[in-house]
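The values are calculated or read from the model by the stated rules, or taken from the named source; none is laboratory data. Given the structure is predicted, the values throughout are model-derived calculations rather than measurements. Cβ sites come from the backbone with ideal geometry, for glycine too, and all protein chains shown count toward neighbours. Just the protein is used for accessible areas: all its heavy atoms, side chains included, with ligands, DNA and RNA removed. Shrake-Rupley method; radii C 1.70, N 1.55, O 1.52, S 1.80 Å.
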Amino acid sequence: MTPQILIIEDESSLADNAAIALRRDGLVSQHAASLAAATKLLDSDSFALILLDLGLPDGNGLDFLRQFRLKSGTPVIILTARNDELDRVLGLELGADDYVCKPFSPRELVARVKAVLRRCPATATAPAANQVLQIDSERHQATFAGQPLALTAAEFRLLACLAGAPGRIFSRSQLLLKAWGDAGAAEERTVDAHVKSLRAKLRELSPKEFLVTRRGFGYCWDPSA
Ligand code: CA
């Protein structure tokens with residue numbers, strides 16, 4: 001089945017350009033010009049990937065992303081203004097898989113979409129029901145097995161990233177990009193160190209191992225633990 005892309009963008013010319021570029025590469029898309037319209041489409045259809053504009057008529061795409069990540073691991077690429085680094089960093093922290101700067105070249109957009117789809121092919125529609133873990137991204141607080149977790153900022157971002165897409169394996173470099181916002185800012189060993197400390201805190205509250213190592217690939221939040 002052809003993967004379907006959801007384009008959430010209120011500028012119709014940009015949405016059209018994206019749709020045309022995707023179609024040229026054999027990718028089917030649907031378009032929503034508001035968050036309300038997007039929510040409706042997400043309820044009725046399944047999508048392999050979402051292209052998300054941030055400034056939308058009925059709200060901010062980052063707020064949408066924060067809520068969306070609590071229940072879905074579907075890959076998201078945010079569409080940001082070229083000079084807005086803060087939006088990009090925030091978006092990645094909130095669980096976006098990549099970003100494309102506007103105005104984008106159709107070819108770059110398609111390349112990014114395909115790269116993300118390659119990275120996370122099967123878990124796109126996996127529901128992220130995580131009763132054992134609750135994450136409040138606004139307050140940067142997490143509750144695990146009914147108890148509040150005392151986490152450092154880096155541990156929190158790691159946990160939010162992993163648990164935001166249950167079952168999905170993240171490589172160290174992906175985690176660096178998401179939790180630190182820049183793959184060049186820290187070393188991959190840093191990820192291991194933070195995973196270790198995060199795991200120790202989780203183990204204090206539950207003997208089940210949700211944060212698992214996939215040898216040779218990376219880390220994953222396994223909801224079936
Ligand atoms: Ca916009």
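Here are the numbers:
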| quantity | calculated |
| --- | --- |
| Base-10 log of normalised Debye intensity for the range 131-200 (one unit scatterer per alpha-carbon) at q = 0.12, 0.14 Å⁻¹ | -0.29, -0.40 |
| Calculated FRET value between ALA200 and GLN67, using beta carbons and R₀ = 30 Å, to 0.05 | 0.50 |
| The range 133-221: relative contact order in percent, alpha carbon pairs under 8 Å with at least 6 residues between | 30 |
| Amide H within-cut-off set for HIS31, under 5 Å, with H built and near neighbours excluded | ILE7 |
| The chain - convex hull of the alpha-carbon atoms, volume per residue in Å³ | 123 |
| Cross-link reach list, aspartates and glutamates versus LYS208, counting only Cα pairs under 16 Å and skipping chain neighbours closer than eight places | ASP222 |
| Per-pair calculated FRET efficiency, R0 = 35 Å: ALA115 and GLN141 via Cβ, rounded to 0.05 | 0.60 |
| Rel. contact order, % - alpha carbon contacts under 8 angstrom, at least six apart, the chain | 16 |
| Under 12 Å from LYS102, Cα to Cα: aspartates and glutamates that are on another chain or at least 8 residues apart | GLU9, GLU11, ASP53, ASP84 |
| Charge sum, other residues only, whose C-beta stays under 15 Å from PHE210's C-beta, Lys/Arg counted +1 and Asp/Glu -1 | +3 |
| For the range 1-103: rounded, prolate or oblate by the Cα gyration tensor [a/c cutoff 1.5] | rounded |
| Surrounding net charge for LYS201, when Lys and Arg each add one and Asp and Glu each subtract one, Cβ distance under 15 Å | +2 |
| Solvent-accessible area per residue, Å², over the range 4-118 with all protein chains present [probe radius 1.4 Å] | 44 |
| Calculated from backbone phi, Karplus (6.51, -1.76, 1.60) coupling profile of the range 33-48 in Hz, x at Gly/Pro | 9, 8, 5, 4, 5, 5, 4, 4, 5, 5, 6, 9, 9, 10, 10, 8 |
| Spacing of the two label points (7 Å from each Cα toward its C-beta) at ASP10 and GLU85, in nm | 2.7 |
| Ranked by how many other beta carbons lie within 10 Å on average, peptides 209-216, 94-101, 191-198 from highest | 94-101, 191-198, 209-216 |
| Helix 61-71 vs. the chain, principal-axis angle (Cα, 0 to 90°, nearest 10) | 50 |
